[in-house]
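Take a look at this one; I'll ask things after.
Throughout, read-outs are computed from the coordinates displayed, never taken from laboratory work. The structure presented is a predicted model; accordingly, all values stated were derived computationally and were not measured. Quick reminder, even Gly has a Cβ in these numbers, built from the backbone with ideal geometry, and neighbours come from all protein chains shown.
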Amino acid sequence: MTNSVAKLALLGFCILQVTSLLVPQANARAFLVFGDSLVDNGNNDFLATTARADNYPYGIDFPTHRPTGRFSNGLNIPDLISEHLGQESPMPYLSPMLKKDKLLRGANFASAGIGILNDTGIQFLNIIRITKQLEYFEQYKVRVSGLVGEEEMNRLVNGALVLITLGGNDFVNNYYLVPFSARSRQFSLPDYVVFVISEYRKVLRKMYDLGARRVLVTGTGPMGCVPAELAQRSRNGECATELQRAASLFNPQLIQMITDLNNEVGSSAFIAANTQQMHMDFISDPQAYGFVTSKVACCGQGPYNGIGLCTPLSNLCPNRDLFAFWDPFHPSEKASRIIAQQILNGSPEYMHPMNLSTILTVDSMT
């Protein structure tokens with residue numbers, strides 16, 4: 001009898017030990033990432049799509065010096081935010097390695113090529129559209145609940161930091177993809193922006209309904225200033241007017257929509273990041289930030305290295321830290337660090353209603 005009691009006690013102790021390993025520590029915070037290629041860290045590597053970054057020289061400055069699926073020479077913005085949080089960057093949701101304790105640290109659902117609208121990026125075929133990313137989020141909750149129980153899962157999701165980056169592809173890879181595109185024939189640009197914002201609002205509201213309570217929402221960058229658009233639409237190196245007009249319409253309306261949504265839910269659940277201004281700071285004065293150029297991509301070909309994809313046969317700059325853009329569309333790691341610092345510490349001009357450092361301080365007191 002005594003032996004049986006001892007065995008039961010030992011079994012109970014072991015169960016408690018295993019459970020304690022799975023339950024996130026009090027100071028840990030899950031990090032959930034949604035969006036497009038600016039924040040994708042490898043999901044598209046598991047898909048049959050042309051929107052992928054799994055070849056050299058992508059990842060040339062990553063710690064492993066190998067491509068990871070990130071559209072960067074090294075780290076991207078989710079990595080840099082994770083670095084500040086002192087934890088590993090969340091793994092791609094499609095990775096078979098994402099399980100147990102790694103699942104409790106969060107997940108990256110992002111997929112290159114997607115937009116707010118489901119018809120954005122159709123040329124890339126098999127990508128994880130935002131509606132599917134939200135379905136995966138629901139699936140993620142079930143998986144976490146299976147590990148730690150529903151109550152702890154809800155605590156983890158409610159306390160998670162969430163990042164979502166969408167919008168640029170709805171213009172570059174939809175409205176302006178080809179002359180007389182279906183959406184450009186359906187909407188004038190101002191009406192299209194209103195429509196896209198209304199659809200984005202549904203996405204964010206769904207995210208809130210699924211339990212997200214701290215969501216960083218980035219605007220579009222200065223879409224007309226990326227090397228790809230300079231190569232196609234600019235004769236003198238000036239930013240493409242129409243795409244800049246689109247960004248100037250979209251971003252203020254995004255901030256207003258977020259303000260209205262926060263009023264509706266009664267809290268500062270959504271934080272607007274003015275990534276257009278963050279980019280324009282170093283695009284308009286690259287030398288002030290240590291860049292030699294903000295027009296020419298490090299990796300590419302043609303005018304401004306802005307034509308086609310970054311491949312092993314592309315032109316490749318020897319020092320990526322001197323270039324604001326890594327490839328025709330995406331910032332270099334150094335430029336991403338500048339953006340991440342503004343997300344962390346930026347003034348209300350950049351972060352509304354507060355920056356990430358303030359969020360972390362406020363949330364640590366609750």
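Helix 130-148 versus the longest principal axis of the chain: what angle, 0 to 90°, nearest 10, using Cα atoms?
Between helix and principal axis, roughly 20 degrees.
Ok, one more. For the Cα atoms of the chain, what angle does the longest principal axis make with the long axis of helix 333-345, in degrees from 0 to 90, nearest 10?
Relative to the chain, helix 333-345 is tipped by roughly 60 degrees.
Normalise the Cα radius of gyration of the range 271-366 by 2.2 N^0.38 Å (N = residues in it) and let me know the number.
Cα Rg divided by the expected 2.2 N^0.38 Å: 1.27.
Taking each pair of distinct Cα atoms in the chain once, what is the resulting Kirkwood hydrodynamic radius in Å?
21.2
Something else now. Can you find, among Q123, F250, L156, the residue farthest towards the positive end of the dipole of the range 28-274? Put +1 on the C-beta of Lys and Arg, -1 on that of Asp and Glu.
Comparing the listed Cα positions along the dipole, L156 ranks first.
List D36, D79, D260 from most exposed to least, where exposure is judged by having the fewest other Cβ atoms within 10 Å.
Ordered by Cβ neighbours within 10 Å, fewest first: D260, D79, D36.
Each residue of the range 99-114 in turn: what ³J(HN,Hα) in whole Hz from Karplus with 6.51, -1.76, 1.60 and θ = phi - 60°, glycine and Pro shown as x?
7, 6, 5, 5, 5, 6, 7, x, 7, 10, 9, 5, 8, 4, x, 7
Counting only helical runs of four or more DSSP H residues, what would the 222 nm mean residue ellipticity of the chain come to if each run contributes -39,500 (n - 2.57) and the total is spread over all its residues?
Per the formula, -13000 deg cm²/dmol.
Also: I'd like to know how the range 87-195 sits against the 2.2 N^0.38 Å rule of thumb: what's its Cα Rg over that expected value?
Computed over Cα atoms of the range 87-195, the ratio equals 1.31.
Under 37 °C and 0.692 mPa s, how fast does the range 181-334 diffuse according to Stokes-Einstein, given a Kirkwood radius computed over C-alpha pairs? Answer in µm²/s, whole number.
Rounded to a whole number, D works out at 193 µm²/s.
Using the basic label-point model (7 angstrom from Cα toward the beta carbon), what is the F187 to N118 distance in nanometres?
In this crude label model, F187 to N118 measures out at 1.6 nm.
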